[in-house]
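The block underneath contains the structure these notes are about, expressed in C-alpha cells.
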Amino acid sequence: MKKVSYILPALALLGLPAYAGNTHDHMAGMVMGTAQAQAHKGQGIVNKLDVLAGSVNLTHDPIKSLGWSGMTMDFKVKNKAILDKIKTGTKVDFEITKEPDGTFVITRITPTK
Ligand SMILES: [Cu+2]
C-alpha cells in the first residue's frame, strides 16, 4: 500500500497545470456536494467586463468555502443587470453558486465598500 501514497500526490501535481488556466474543476464542489444553490462569497478585482455577454474576468482572493485558491478567471453572471454598477478596476464582493452543469455563476456582485 505504500506505493499508493506516492502515486496520488504525483497525479495531483501532474493535474495542476491543466487546471491552472482559468477554471477550478471541482473536487471541492463534489466534497461540498449537497446544496445546488449554496452561495459562496468572494472578493476580487474586475479585470474585464462584457455586459452584453454577461461575463466578467476577476482576480479573486481565495474562496474558503470552496477550497479555491486565489486566481484570475472568467465568470458568467446569472443576470446581466447586476453588472450595471460594476466597472473595470473595481474591487468587488461577489457570490457564486454552482449550476447543474458544474460551472459557477455570479449571482451577486457589488463594489466593495
Ligand atoms: Cu478561480
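The values are calculated or read from the model by the stated rules, or taken from the named source; none is laboratory data. Because the structure is a prediction, the values reported are computed rather than measured. Glycine gets a Cβ as well: all are built from the backbone with ideal geometry, and neighbour counts include every protein chain shown.
Within the stretch 19-49, take every residue that is more than 12 Å from the chain's Cα centre (by Cα) and within 14 Å of V105 (Cβ to Cβ) and give me the one that is modelled with the highest pLDDT. Among those that are more than 12 Å from the chain's Cα centre (by Cα) and within 14 Å of V105 (Cβ to Cβ), it is Q38. Would you mind stating whether K76 is surrounded by fewer than 17 Cβ atoms within 10 Å (Cβ to Cβ) and closer than 14 Å to Q38 by Cβ? No; evaluated as a whole, the condition is false for this residue. Filtering the stretch 39-59 to residues that are in contact with a helix residue (DSSP H, G or I) (Cβ under 9 Å, 6 or more places away or on another chain), among the β-branched types (V, I, T) and either under 10 Å from D74 (Cβ atoms) or within 12 Å of the ligand (Cβ to nearest atom) (or both) leaves only V56. For the stretch 45-102, which positions are among the small types (G, A, S) and assigned to a strand (DSSP E or B)? Within the stretch 45-102, S55 is the sole residue that qualifies. Taken over the stretch 60-78, the residue count meeting the criterion of being within 12 Å of the ligand (Cβ to nearest atom) and either among the small types (G, A, S) or farther than 12 Å from F104 by Cβ (or both) is 7.
Can you tell me which residue in the stretch 79-97 is nearest to the chain's Cα centre (by Cα), limited to those that are within 16 Å of the ligand (Cβ to nearest atom) and within 20 Å of A37 (Cα to Cα)? Across the stretch 79-97, the extreme among qualifying residues is I96.
Sort out which residues of the stretch 37-85 are β-branched (V, I, T) and touching a residue at least 60 places away in the same chain (Cβ under 8 Å), and write them in order of number. Once the filter is applied, which keeps residues that are β-branched (V, I, T) and touching a residue at least 60 places away in the same chain (Cβ under 8 Å), the stretch 37-85 yields nothing.
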